[in-house]
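A quick write-up on the structure given underneath.
The values are calculated or read from the model by the stated rules, or taken from the named source; none is laboratory data. These figures come from a predicted structure and were not determined experimentally. No Cβ is skipped: glycine too gets one built from the backbone with ideal geometry, and neighbour counts run over all protein chains shown. We work out accessible area using only protein heavy atoms, side chains counted, and drop any ligands, DNA or RNA first. Shrake-Rupley method; radii C 1.70, N 1.55, O 1.52, S 1.80 Å.
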Amino acid sequence: MVLKSIIGATYTCLAVFSFSADAALSSRLGGLAVYDSDADLTWLSDSNAAGTTGHSSDGFMTWADANIWAAGLVVDGNDNWRLPTTDPAVYGQDQAGSEMGNLFYNVLGGAAYSDIGTSHNSNYDMFSNVLSKIYWSATEYT
């Protein structure tokens with residue numbers, strides 16, 4: 001996951017929804033999701049679920065399609081999914097206050113302008129199919 005401004009044709013997306021739990025970061029839904037109790041968010045553990053599930057052969061889609069896909073997603077009976085927020089007005093570490101920035105910088109230990117596949121902490125191992133690409137967010141970039 002590389003967090004940059006969302007400009008371009010198509011990118012992979014992550015989905016997130018609210019869920020309650022006790023631990024700071026824990027596996028949920030039989031390993032299909034990861035819950036962050038500090039942010040009170042549940043992330044898909046498969047960071048390229050759109051590609052893995054066959055929605056898109058490579059997981060790439062337009063921003064509009066990514067929002068529709070996340071809103072229609074049902075995982076283990078849970079259907080309250082959406083794309084995470086970002087702040088398109090800021091870059092790098094300043095993005096840490098958004099949902100996606102918090103995941104990248106604070107939860108996974110990513111570094112600005114670095115490949116998350118080579119610069120991360122042990123929480124990274126709770127996720128699969130992490131791409132070193134830009135991910136869509138719910139925040140529209142105008």
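Residue 59 falls short of the stated requirement of being within 23 Å of residue 24 (Cα to Cα), open to solvent by less than 40 Å² (accessible area, probe 1.4 Å) and in a loop (DSSP other than H, G, I, E, B). Residue pairs whose Cβ atoms lie under 7 Å apart, separated by 6 or more positions or on different chains, with the first residue in the stretch 83-96 and of a type in the set (Lys, Arg) and the second part of a helix (DSSP H, G or I), do not occur.
For the stretch 23-49, the candidate set comprises residues that are in contact with a strand residue (DSSP E or B) (Cβ under 6 Å, 6 or more places away or on another chain) and at pLDDT below 90; within that set, the residue that is least open to solvent (accessible area, probe 1.4 Å) is 48. Annotation for the stretch 73-90: at least one member residue is modelled with pLDDT under 90 and either under 21 Å from residue 29 (Cα atoms) or surrounded by 20 or more Cβ atoms within 10 Å (Cβ to Cβ) (or both). Being assigned to a helix (DSSP H, G or I), over 22 Å from residue 31 (Cα atoms) and either open to solvent by less than 70 Å² (accessible area, probe 1.4 Å) or out of contact with any helix residue (DSSP H, G or I) (no Cβ under 9 Å at 6 or more places or on another chain) (or both), is that true of even one residue in the stretch 101-117? Among the residues of the stretch 101-117, at least one is assigned to a helix (DSSP H, G or I), over 22 Å from residue 31 (Cα atoms) and either open to solvent by less than 70 Å² (accessible area, probe 1.4 Å) or out of contact with any helix residue (DSSP H, G or I) (no Cβ under 9 Å at 6 or more places or on another chain) (or both), which makes the answer yes.
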